[in-house]
Every structure is written in structure tokens, then in C-alpha cells.
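J.: Have a look at the structure that comes next, please.
The values are calculated or read from the model by the stated rules, or taken from the named source; none is laboratory data. This structure is a prediction, so every number in the text was calculated from the model and none was measured. Positions of Cβ are generated from backbone atoms using ideal geometry, with glycine treated the same way; all protein chains shown enter the neighbour counts.
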Amino acid sequence: MTAANPQFLKFIDDNQDAFIKRLGEAVAIPSVSGDPAHRPDVHRMAEWLSEKLQSLGVKVESRPLGKQMLEGQELDLPPALLGELGNDPNKKTVLIYGHFDVQPASMSDGWLYPPFELTVDPKGTGKLFGRGSSDDKGPILGWVNVIEAHVKLGLEMPVNLKMCFEGMEESGSEGLDELISEEKDKFFKGVDCVCISDNYWLNTSTPCLTYGLRGIAYFKISVSGPARDLHSGVFGATVHEPMTDLVLLMSKLVTPEGQILVPGLMDLVEPLTEEERARYEAINATVKDFDDAVGAAITFSDDKVQTLMGRMRYPSLSLHGIEGAFYGAGCKTVIPAAVHGKFSIRLVPNLTLAGVTKLVCDYVNAEFAKIKTKSKMTVEMVHGGEPWVADPNHYNYRAAHKATEYVYGKAPDYTREGGSIPVTLSFADALGVNVLLLPMGRGDDGAHSTNEKLDTDNFIRGSKLLGTYLYELAASKE
Ligand code: BES
Ligand code: ZN
């Protein structure tokens with residue numbers, strides 16, 4: 001038995017094609033927040049979403065978030081959309097959050113189909129390929145599907161909805177924290193709990209509820225020397241080369257086994273208890289699920305618990321790239337004049353952004369001082385967010401648990417996630433309420449990767465899940 005209205009569930013089944021078409025429209029807007037050239041598309045995406053919501057009777061306010069400097073250009077930040085549907089004092093009020101910006105994608109990265117055209121797998125698997133299909137346009141449209149079903153069927157919504165959709169999540173949610181603290185006693189007043197659908201199952205068959213996220217500290221090391229790029233034939237063996245210094249520094253951060261080399265950092269991690277270990281044992285996942293999700297057998301460990309803990313409870317340090325370095329086809333014989341190494345550390349409880357930033361900067365400065373070079377170096381934390389853990393025994397989680405059992409016929413796994421959604425902690429702290437992560441997509445969706453996809457079944461059942469959760473929430477005692 002479920003508390004959800006059967007007409008609602010049927011509407012979702014009956015309108016699958018129209019829902020996919022609408023997801024296609026969203027994916028076709030390349031709202032890449034990190035690329036100045038695409039900034040107008042992020043704004044266009046905000047307008048598109050705002051119109052869709054308004055046409056369903058949602059009261060939407062588009063809130064400008066100010067300006068940003070990016071790659072030497074001053075850019076308008078995309079607005080956040082604050083939406084409201086219903087304000088019945090006898091109902092619970094749920095805040096839902098999603099982001100309508102996406103990661104960059106281009107055919108040359110190895111996509112099978114154009115990333116900004118939603119492609120239904122011609123092999124008939126039901127996979128919907130496209131950038132943002134799973135992260136996070138599919139889930140946002142899941143909410144839209146729920147609202148549309150109720151409006152078109154003339155059904156009363158079981159709860160009041162408040163919405164916060166942003167267009168800068170993939171670039172550190174710039175401007176959003178200020179908006180949340182400004183509005184905490186205004187727009188966000190009366191929110192009972194929060195639901196965010198912006199992560200994934202661990203594998204391809206077991207739904208999950210997620211009660212923790214790692215935080216992130218994103219760093220940039222800049223090394224410069226000559227006033228301009230040089231010819232390596234003319235100046236090689238005569239000048240200090242910034243790229244050589246930078247590569248040496250970056251090699252001092254992490255080992256090929258993933259061990260973080262920043263002194264003192266690992267000492268901060270909470271010791272593992274037997275009880276906690278048992279929680280990872282209980283999760284329905286195998287090392288093979290990880291192999292499948294990454295497309296190769298390359299996990300550090302062959303042990304499931306170790307592998308899960310690597311993602312959920314330990315910090316990690318990843319090297320992302322070097323701006324200013326030569327890349328691409330050909331064999332350019334350049335000595336780059338200035339290079340910027342990018343890396344980030346995923347944070348877990350006890351590792352604060354400020355604490356980790358100090359450890360990293362002190363260490364990189366000390367290592368640089370050891371190099372006999374005349375290059376100049378700076379290291380800075382560019383953006384970040386603290387880790388977050390919630391109480392999974394709250395009624396918010398119980399409602400999602402029941403909804404999952406109804407829609408998928410099985411109990412969800414309880415997971416912590418390795419990725420970061422900085423606004424999660426901002427909501428939990430500023431509003432003082434429970435936050436739930438209720439994912440729609442599977443572990444192999446390939447968010448941020450090539451050939452990102454969302455399975456049609458996850459889109460459809462996921463829409464039912466989001467709606468059913470609202471009914472279960474309304475029916476829950478607390
Ligand atoms: N949807 C992800 C967050 C996520 C990733 C949750 C993996 C669970 C597992 C989100 O869109 C994202 O990628 N966030 C960025 C945030 C960062 C730029 C501050 C991330 O985690 O890299
Ligand atoms: Zn996301």
C-alpha cells in the first residue's frame with residue numbers, strides 16, 4: 001500500500017514520451033556554468049525552467065546573484081529560481097533543490113552521440129544519452145513531472161513545495177549562500193525539511209538514500225617565469241621552466257595508490273569503529289559494480305568495504321589538469337610562460353576547509369622553497385564546501401524509505417557519497433532542518449564523464465518516487 005494517489009502514478013506512466021521530449025529540450029541548452037562562452041546558455045536555461053514552472057502555476061522569482069570574474073571577464077551570475085506551490089498551514093512544507101547547469105562536454109572527448117542532443121539508445125536499452133540527463137536536469141524534470149501530473153489531473157498536492165534551483169552548482173554555487181542567509185527568515189521560512197535529488201545509486205539495481213557528502217577544497221598552484229612563451233630550442237637549458245617546477249610540486253601531493261602526502265591531513269580523519277564498518281558491509285555493492293561504473297578493473301582494493309570507504313568516509317586528492325600547458329594534437333616545442341595546476345581534496349568530517357587549506361598551502365610553499373628555481377609560485381584555495389552528514393532516522397528519511405519500497409519493491413541502501421553539493425550543508429545549517437538526498441540515477445550514469453545517460457526506467461520510476469515521497473511525507477506522523 002502506498003499513500004500516493006494512483007491517478008498520479010498512472011499519469012507518469014502514460015506521459016513517458018512527453019517527459020522524454022521535455023528532457024530533450026533541457027539537454028539541448030548547453031548550460032555549462034564553468035565556460036564563459038556558455039554563460040548566456042545558463043541564463044537561457046533559467047528562463048526555460050522558470051517558464052515551464054510558471055506554466056504549471058508555480059510562483060517563480062528569478063533572483064539575480066551578482067557578478068563574477070572568470071578568465072579575466074566580468075560575467076553575470078545566472079539567477080537562482082525561487083519557486084512556491086501551495087501555502088496551506090495544515091501541510092508540511094518541503095524545499096526541493098536542483099541545479100540546471102552542467103559540466104562541459106564535446107564530441108571530441110569520446111561521446112557516441114552529440115552531448116547536447118538527448119539520444120534514445122538506438123540499441124533499445126532505454127538509455128537516454130546527453131549531458132545533464134542524470135546530473136541534474138533529469139531529476140529537476142522529475143519534480144516538474146510530479147507537479148504537472150497534479151495540475152493536469154486537478155489533484156491537490158500532498159505538501160507545500162518551495163523550490164530553489166541554481167545554475168552555478170558545478171562551479172562552486174557562487175552567490176547562493178548569500179541568498180540563503182538573506183532569505184532564511186523570508187522565503188525559506190516555514191520549511192520543514194529539504195529534499196535534493198542530485199546524486200546516484202551505488203550500483204545499477206539498488207536504490208539508495210544518501211545521508212552524507214564529502215566536502216571539497218579546490219586548489220590552484222600558479223607557477224610563472226618568462227614574460228612570454230618561449231621556443232624550447234632557443235631557450236631550453238638556459239632558463240628555469242615553470243612547467244617543470246609545477247609538475248614536481250604536483251607529484252608531491254598524492255601517490256599512485258591514492259595516499260595523500262600532505263602532512264597531518266590523514267591524522268585528522270575520524271577512526272573507524274566496528275559499528276561503522278558493519279554499515280558498509282551491509283551495503284548492496286560489489287567491487288564489480290565499481291569496475292562496471294568506470295569501465296575497467298582498476299580499483300585500489302579488491303575488498304568491497306575498503307572500496308566503499310574510499311568513496312564515502314576517507315578524503316581523496318585528485319589532480320585535474322594544468323592550464324596554460326600545451327595540449328592537443330601535434331608536437332609544439334613551447335616552454336609555457338605560466339602554468340596553473342588544478343587539484344582538489346574531498347573532505348570528510350573533521351577536515352575543515354580552513355584547516356585543510358592551511359595544511360596544503362604551508363606544505364606546497366615548503367616544497368617549493370626546496371626547489372632551486374627562479375620561477376614564482378602562488379598557491380590558493382579557489383572554492384570549497386564543508387562535508388555534511390545527516391540523521392537518517394528522521395521522518396524525512398522514513399518517508400523516502402517507504403516511497404522507495406513502494407516504487408522499487410525493495411528497501412534502499414543507506415549511503416554516504418563521495419561527491420559534493422555545497423548547498424546541502426548551507427540548507428542544513430541556515431534552516432536548521434533535516435536534508436535528504438534522494439537520487440534518481442544509477443551508479444553507471446557517468447555524471448561529468450563522456451556518454452552521461454539516464455535510464456528511461458529511472459526517469460519514470462524516479463518521477464514516481466519523488467511524488468510518492470511527498471505523499472509519504474504528508475502521511476508521516478512527525
Ligand atoms: N551531482 C554532483 C554531486 C555528486 C557527485 C553527488 C557524485 C554524489 C556523487 C554535483 O553536480 C557535482 O558534481 N558537484 C561538484 C561540486 C563542486 C564543484 C563544488 C563536485 O562534486 O565535483
Ligand atoms: Zn549534480
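J.: Where residues in segment 123-146 are farther than 13 Å from N5 by Cα and of a type in the set (V, I, T), which of them is nearest to ligand 2 (Cβ to nearest atom)?
T.: I140
J.: In addition: Examine segment 455-469 for a residue that is of a type in the set (A, V, I, L, M, F, W, C), within 16 Å of ligand 2 (Cβ to nearest atom) and in contact with a strand residue (DSSP E or B) (Cβ under 6 Å, 6 or more places away or on another chain), and state whether such a residue exists.
T.: Within segment 455-469, not a single residue is of a type in the set (A, V, I, L, M, F, W, C), within 16 Å of ligand 2 (Cβ to nearest atom) and in contact with a strand residue (DSSP E or B) (Cβ under 6 Å, 6 or more places away or on another chain).
J.: Output the number of residues of segment 80-138 satisfying the condition of being of a type outside the set (G, A, S), closer than 30 Å to E156 by Cα and in contact (Cβ under 8 Å) with a residue 60 or more places away in the chain.
T.: Selection size over segment 80-138: 18.
J.: Regarding N90, is this residue more than 12 Å from ligand 2 (Cβ to nearest atom), buried (at least 19 other Cβ atoms within 10 Å of the Cβ) and modelled with pLDDT of 95 or more? Full working, then the answer.
T.: Working: more than 12 Å from ligand 2 (Cβ to nearest atom): yes; buried (at least 19 other Cβ atoms within 10 Å of the Cβ): no; modelled with pLDDT of 95 or more: yes.
It is false that N90 is more than 12 Å from ligand 2 (Cβ to nearest atom), buried (at least 19 other Cβ atoms within 10 Å of the Cβ) and modelled with pLDDT of 95 or more.
J.: For segment 152-163, does any single residue satisfy the condition of being within 15 Å of ligand 1 (Cβ to nearest atom) and in contact (Cβ under 8 Å) with a residue 24 or more places away in the chain?
T.: No, that holds for no residue.
J.: From the residues in segment 339-355 that are touching a residue at least 24 places away in the same chain (Cβ under 8 Å) and either in a helix (DSSP H, G or I) or within 16 Å of ligand 2 (Cβ to nearest atom) (or both), which one is surrounded by the fewest Cβ atoms within 10 Å (Cβ to Cβ)?
T.: Here the residue is G355.
J.: Of the conditions (1) in a loop (DSSP other than H, G, I, E, B); (2) out of contact with any Ser or Thr (no Cβ under 6 Å at 6 or more places or on another chain); (3) modelled with pLDDT of 95 or more, I322 fails just one. Which one is it?
T.: That leaves (1) as the condition not met.
J.: May I pose another question? Determine, yes or no, whether F290 is hydrophobic (A, V, I, L, M, F, W, C) and in a loop (DSSP other than H, G, I, E, B).
T.: no
J.: So which of D455, D445 ends up being more than 16 Å from ligand 1 (Cβ to nearest atom), surrounded by 21 or more Cβ atoms within 10 Å (Cβ to Cβ), in contact (Cβ under 8 Å) with a residue 60 or more places away in the chain and over 20 Å from R346 (Cα atoms)? Before the answer, list the steps.
T.: Details: D445 fails: more than 16 Å from ligand 1 (Cβ to nearest atom).
So the residue among D455, D445 that is more than 16 Å from ligand 1 (Cβ to nearest atom), surrounded by 21 or more Cβ atoms within 10 Å (Cβ to Cβ), in contact (Cβ under 8 Å) with a residue 60 or more places away in the chain and over 20 Å from R346 (Cα atoms) is D455.
J.: Within segment 147-178, track down each residue that is among the charged types (D, E, K, R) and more than 16 Å from ligand 2 (Cβ to nearest atom).
T.: Within segment 147-178, E148, K152, E156, K162, D177, E178 qualify.
J.: When both residues are 6+ apart or on different chains and their Cβ atoms are under 9 Å apart, which pairs have a first residue that lies in segment 290-309 and is at pLDDT below 95, and a second that is acidic (D, E)?
T.: Every condition considered, the pairs that remain are D292/D444; A293/D444; A293/D445; V294/D444; G295/D444.
J.: For segment 309-363, which positions are among the hydroxyl-bearing types (S, T, Y) and within 16 Å of ligand 1 (Cβ to nearest atom)?
T.: Selection gives Y314, S316, S318, S344, T352, T357.
J.: For segment 116-150, give me each residue that is in a loop (DSSP other than H, G, I, E, B) and either within 16 Å of ligand 1 (Cβ to nearest atom) or modelled with pLDDT under 95 (or both).
T.: Answer for segment 116-150, where residues must be in a loop (DSSP other than H, G, I, E, B) and either within 16 Å of ligand 1 (Cβ to nearest atom) or modelled with pLDDT under 95 (or both): G130, R131, G132, S133, S134, D135, D136.
J.: While we're on this one: Could you please let me know if K477 is at pLDDT below 95 and either within 16 Å of ligand 2 (Cβ to nearest atom) or surrounded by fewer than 18 Cβ atoms within 10 Å (Cβ to Cβ) (or both)?
T.: Yes.
J.: Please list, ordered by first then second residue, the pairs with beta carbon atoms under 6 Å, 6 or more apart or interchain, first in segment 390-410 and at pLDDT 95 or above, second surrounded by fewer than 22 Cβ atoms within 10 Å (Cβ to Cβ) and of a type in the set (D, E).
T.: Y395/E478
J.: If the requirement is being without any contact (Cβ under 8 Å) to a residue 24 or more places away in the chain, over 30 Å from G98 (Cα atoms) and surrounded by fewer than 16 Cβ atoms within 10 Å (Cβ to Cβ), which of these qualifies: K372, K376?
T.: Going through K372, K376 in turn, just one is without any contact (Cβ under 8 Å) to a residue 24 or more places away in the chain, over 30 Å from G98 (Cα atoms) and surrounded by fewer than 16 Cβ atoms within 10 Å (Cβ to Cβ): K372.
J.: Does L202 fit the bill of being touching a residue at least 12 places away in the same chain (Cβ under 8 Å) and within 16 Å of ligand 1 (Cβ to nearest atom)?
T.: Working: touching a residue at least 12 places away in the same chain (Cβ under 8 Å): yes; within 16 Å of ligand 1 (Cβ to nearest atom): yes.
Yes, satisfied.
J.: Continuing with the same structure: Given (1) within 16 Å of ligand 2 (Cβ to nearest atom); (2) over 30 Å from K464 (Cα atoms); (3) buried (at least 18 other Cβ atoms within 10 Å of the Cβ), where does W388 come up short, assuming only one miss?
T.: (2)
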